[in-house]
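Before any comments, here is the structure.
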Amino acid sequence: MGPAYLLQGFRLITEPGLRKFVLAPIAINILVIGLLMWLFGNQLDGWLDSWLAGLPGWLAWLESLLWWLAMLLALLLFCYVFTLLANLIAGPFNGLLSSRVERHLTGREPESGRNWRGELLDAVGGELRRWRWYLGRAMLLLLLTLLMLPIPLLGTAVPALWFAFGAFMLAFEYLDNPMGNRGMPFADKLARLRERRWLNLGFGATATLFTMIPLANLIVMPAAVAGATALWLDHMENAR
């Protein structure tokens, strides 16, 4: 069910009344993707070579497997860093897009109780708060990764763990727009996400996969904002 909402988001952003609100997020996507491709393209080979060169001799037989795992993790890292940076820059535009999608679907807009300056500060502050939350859990997962990688069977599960973590992270990123438009506190946002954990993981996993696809990743952010807004209205707004 979650994946269907991202596909609905792609349809929504083509609606005549919503197209103009998509231009700024797409322009930001192009800028961020170009920057990250330059950074990863110039540095990734060197990072991998240095890391593999530092492996102890008794792990030399794992070099090929670890190279592919590292490449997969680098691709996931690219997706997540891209999403975080793009959403940090485009936060106010995404909130506006979510509000207009809601008006398109229901005939009404959400009310946060804040003026435009308060909404802008909340968008940026909320993004930084999520970054801190993500980083704390990512550090724990990184520690677990370092313990698991040298063990062949456990090491193969590392990308799946990062993918699941990233799927929840992306679901939070995009669902924060309809929740933020209602002025919800951070703790309440987390509680709502956990109430529909599997639905949100399905949505976030689909967004992650689309972020990996060239060209599709240029428009995945506005589509995910629109899809997350539809998901919120259908399954989460009246959950309590």
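The values are calculated or read from the model by the stated rules, or taken from the named source; none is laboratory data. Given the structure is predicted, the values throughout are model-derived calculations rather than measurements. Note that we place each Cβ from the backbone using ideal geometry, even for glycine, and neighbour counts take in every protein chain shown. Each accessible area value is taken on the protein alone, full model and side chains, heavy atoms only, with ligands, DNA and RNA left out. Shrake-Rupley method; radii C 1.70, N 1.55, O 1.52, S 1.80 Å.
Structure summary
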{"quantity": "Of all residues in the stretch 1-24 being open to solvent by less than 20 Å² (accessible area, probe 1.4 Å) and of a type in the set (Gly, Ala, Ser), the one that is nearest to Ala216 (Cα to Cα)", "calculated": "Gly9"}
{"quantity": "Residue identified as more than 29 Å from Asp234 (Cα to Cα) and modelled with pLDDT of 80 or more among Met71, Met139", "calculated": "Met139"}
{"quantity": "Considering residues of the stretch 165-183 that are touching a Ser or Thr at 6+ places or on another chain (Cβ under 9 Å) and either over 24 Å from Met139 (Cα atoms) or of a type in the set (S, T, N, Q) (or both) only, the residue most open to solvent (accessible area, probe 1.4 Å)", "calculated": "Arg182"}
{"quantity": "Long-range neighbours under 6 Å by Cβ, at least six apart or interchain, first residue under 16 Å from Phe172 (Cβ atoms) and open to solvent by 10 Å² or more (accessible area, probe 1.4 Å) within the stretch 82-100, second polar (S, T, N, Q) and at pLDDT 75 or above", "calculated": "Gly95/Asn177; Gly95/Asn181"}
{"quantity": "Scan of the stretch 1-16 for residues that are among the hydroxyl-bearing types (Ser, Thr, Tyr) and part of a helix (DSSP H, G or I), ordered by number", "calculated": "Tyr5"}
{"quantity": "Helices (runs of 4 or more DSSP H) contained in the stretch 171-233 and holding at least 2 residues among the acidic types (Asp, Glu)", "calculated": "186-195"}
{"quantity": "The stretch 75-92: number of residues that are hydroxyl-bearing (Ser, Thr, Tyr) and touching a Leu at 6+ places or on another chain (Cβ under 7 Å)", "calculated": "1"}
{"quantity": "Residue check, Ile219 closer than 17 Å to Leu97 by Cβ, aliphatic (A, V, I, L, M) and open to solvent by 20 Å² or more (accessible area, probe 1.4 Å)", "calculated": "yes"}
{"quantity": "Test: residue in the stretch 149-158 that is modelled with pLDDT of 85 or more and part of a helix (DSSP H, G or I)", "calculated": "no"}
{"quantity": "Long-range neighbours under 8 Å by Cβ, at least six apart or interchain, first residue more than 12 Å from Ala90 (Cα to Cα) within the stretch 17-33, second of a type in the set (S, T, N, Q) and part of a helix (DSSP H, G or I)", "calculated": "Ile33/Asn217"}
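Yes/no per residue for (1) at pLDDT below 80; (2) acidic (Asp, Glu); (3) out of contact with any Gly (no Cβ under 7 Å at 6 or more places or on another chain); (4) under 27 Å from Phe186 (Cα atoms):
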residue: Gln8; (1), (2), (3), (4): no, no, no, yes
residue: Lys20; (1), (2), (3), (4): no, no, yes, no
residue: Asn29; (1), (2), (3), (4): yes, no, yes, yes
residue: Asp45; (1), (2), (3), (4): yes, yes, yes, no
residue: Trp67; (1), (2), (3), (4): yes, no, yes, no
residue: Val81; (1), (2), (3), (4): yes, no, yes, yes
residue: Ser99; (1), (2), (3), (4): no, no, yes, yes
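The rows are residues; the columns are (1) among the aliphatic types (A, V, I, L, M); (2) modelled with pLDDT of 85 or more; (3) under 13 Å from the mean Cα position of the chain (by Cα); (4) over 22 Å from Val81 (Cβ atoms).
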position	(1), (2), (3), (4)
Leu146	yes, no, no, no
Phe163	no, yes, yes, no
Ala171	yes, yes, yes, no
Lys189	no, yes, no, no
Ala205	yes, yes, yes, no
Met212	yes, no, yes, no
Ala226	yes, yes, no, yes
Thr229	no, yes, no, yes
